[in-house]
Amino acid sequence: MSFDPTSLSNLVLMLTAWGGAFLAALWLSLVIWTYRDIRNRARDPLARILATLVVAVLFLPGIVIYLILRPPRTLDEEYQQTLEEEALLQSIEESNLCPGCGRKIRETWMVCPSCNTRLKKPCHQCGKLMELAWNICPFCGTPAPGMRKEGLTLDEALKPIPAIENENTEESAF
Ligand SMILES: [Zn+2]
Ligand SMILES: [Zn+2]
């Protein structure tokens, strides 16, 4: 078998061409990958261009820099996180606490069993529980009676408060 320098140089040339093509393909795919990745992580168009440019110019060291500096979470992950945080916050807000002792109370309780604080009032018409601040029953539309007057009829509850009438007569007397 004779040694042929021409075929050796051909082989080297082929390997170089193959290596060059491989590197070019690698460079292109890394640039495309970076562009896709930064698109999922940053809304800012400048950040997208910069990240892609860093990889395009610096190639392999560029991809290392990009992997170090890229936003840790994708936009989708960030969105999911916000949703989770909101749900958590809502569940904290919804879990009722007694204004008197701070213990957990249920929506259906009228009085806190731990400290006897009044939490709800029953509608005198339909008996359903109402918030203390409500002036009208949301279930049957009956106006809530004043604190001292329990068991009023609808007509009585709709009448103007006598104290105001007295004030008016006093004023007209002056
Ligand atoms: Zn309590
Ligand atoms: Zn009612």
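Quick notes on this structure:
- Taking the criterion of being free of Cβ contacts under 8 Å to residues at least 24 places away in the same chain and either surrounded by 15 or more Cβ atoms within 10 Å (Cβ to Cβ) or among the β-branched types (Val, Ile, Thr) (or both), the residues of the range 32-49 that qualify are 32, 35, 39, 47, 48, 49.
- Within the range 87-103, the residues that satisfy the criterion of being outside any helix (DSSP H, G or I) and not polar (S, T, N, Q) are 97, 98, 99, 100, 101, 102, 103.
- So residue 30, is it more than 16 Å from ligand 2 (Cβ to nearest atom), part of a helix (DSSP H, G or I), farther than 30 Å from residue 139 by Cβ and touching a Gly at 6+ places or on another chain (Cβ under 9 Å): yes
- Among (1) under 19 Å from the mean Cα position of the chain (by Cα); (2) within 18 Å of residue 34 (Cβ to Cβ); (3) in a helix (DSSP H, G or I), the one test that residue 52 misses: (1)
- Residue in the range 113-125 that is in a loop (DSSP other than H, G, I, E, B), within 16 Å of ligand 2 (Cβ to nearest atom), surrounded by 11 or more Cβ atoms within 10 Å (Cβ to Cβ) and not hydrophobic (A, V, I, L, M, F, W, C) present: yes
- Residue, surrounded by the most Cβ atoms within 10 Å (Cβ to Cβ), within the range 60-75, restricted to residues that are under 20 Å from residue 43 (Cβ atoms) and touching a residue at least 24 places away in the same chain (Cβ under 8 Å): 66
- The combined condition, being touching a Phe, Trp or Tyr at 6+ places or on another chain (Cβ under 9 Å) and of a type outside the set (A, V, I, L, M, F, W, C), is fulfilled by residue 48.
- Subset of the range 126-149 that is at pLDDT below 55 and exposed (fewer than 11 other Cβ atoms within 10 Å of the Cβ) - its residue that is nearest to residue 104 (Cα to Cα): 147
- Screening the candidates 78, 84, 107 for the property of being assigned to a helix (DSSP H, G or I), away from ligand 2 (no atom under 16 Å from the Cβ), free of Cβ contacts under 8 Å to residues at least 12 places away in the same chain and loosely packed, with under 13 Cβ neighbours inside 10 Å yields one hit, 84.
- Annotation: residue 161 fulfils all but one of (1) at pLDDT 90 or above; (2) more than 16 Å from ligand 2 (Cβ to nearest atom); the unmet one is (1).
- Test: residue 6 is loosely packed, with under 13 Cβ neighbours inside 10 Å and out of contact with any His (no Cβ under 8 Å at 6 or more places or on another chain): yes
The values are calculated or read from the model by the stated rules, or taken from the named source; none is laboratory data. As the structure is a computational prediction, the values presented were derived from the model and not from experiment. In this analysis, Cβ positions are derived from the backbone assuming ideal geometry, glycine residues included, and neighbour counts consider all displayed protein chains.
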